[in-house]
1. Roughly what would the spin-label model give for residue 210 and residue 195, points 7 Å off Cα along C-beta, in nm?
2. Tell me the label only: which of [x] 44, 20, 15; [y] 28, 23, 14; [z] 30, 21, 15 is semi-axes √(5λ) of the Cα gyration tensor in Å as calculated from this structure?
3. What is the angle, in °, between the Cα long axis of helix 61-76 and the longest principal axis of the Cα atoms in the chain? Nearest 10 is fine, range 0 to 90.
4. Which one, 105, 130, 213, is farthest towards the positive end of the dipole of the chain when Lys and Arg carry +1 and Asp and Glu -1 on their Cβ?
5. Quick check: net charge around residue 16, other residues with Cβ under 15 Å of its Cβ, Lys/Arg +1 and Asp/Glu -1?
6. In nm, to one decimal, how far is the modelled label at residue 14 from the one at residue 50, with both set 7 Å along Cα→Cβ?
7. Given a 10 angstrom Cα cut-off, can you work out which residue in 164, 207, 130 is the most mobile in a GNM of the chain?
8. With an 8 Å Cα cut-off and a minimum separation of 6 or more residues, compute the relative contact order for the chain in percent.
Amino acid sequence: MSDYQSYQRFASVEAAQPLLQLLHEHDIPYETVFDQPRIDPSFAFNPTSTYFVVQLRPEDFERAHALELAASDELTASAPADHYLFNFTDDELLDILLKPDEWNSFDVALARRILRQRGHDVSPALTERLRQQRIQDLAQPEPRQKAWVIFGYVTALLGGIIALFIGWHLYSHKKQLPDGRQVYGFLPQDRAHGLRILALGAVGFLLVLAWRFYAGQ
């Protein structure tokens, strides 16, 4: 199994070239794959576009992130005066620093530069505190999944194969943090329900298959 995890995804190979060049220049090993989002067992809508994904070893996430910001800092000096971020309020710019994972590295660096020009303290220490706060927020599990737990038990008792997907998702789903770590996406109570739903669903599905087999004799 590969030790590499998704670091950034791009709409095309061309869009990823600046990052790939930066990684190559600093001897950071990487892998690339084309990824088409799979159907989420939680039945949330997923786009069907194929993305070009750059994968890194988790221990290289922090270094790559720092290199990206440094490179973007140099580019922001020549940012056009009509760049849309110049129309952002201070709070909106601070929100970019709080949620850098939702923006590209150039926008993060430019938001920091604009805030400095407006007289705000955006020292590296403050930026790092905001980033760590963001990671802590993202690491929190999702709220209780009562509706899906109930639906999972019902489908399991009815012998529906869909219960297997619901149970497995509740039990095993993980989300990746900006620093490369992976954490479970749901609360321990919901993960425990997911394991029970998975077991009940498997038993129910086998019983339905057995009944159909004997009924057809």
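The values are calculated or read from the model by the stated rules, or taken from the named source; none is laboratory data. In this text the structure is predicted, and so the values were computed from the model without any measurement. All Cβ positions, glycine included, derive from the backbone under ideal geometry; neighbour counts span all protein chains shown. SASA here: full protein model, heavy atoms, side chains in, ligands and nucleic acids out. Shrake-Rupley method; radii C 1.70, N 1.55, O 1.52, S 1.80 Å.
1. It is 2.4 nm.
2. So the calculated entry is the one marked [x].
3. The two axes meet at around 40 degrees.
4. 213
5. On the way: positive: 9; negative: 14, 25, 31, 35, 68.
My count for the surroundings of residue 16 gives -4.
6. 1.7 nm
7. 207
8. Contact order relative to length: 17 percent.
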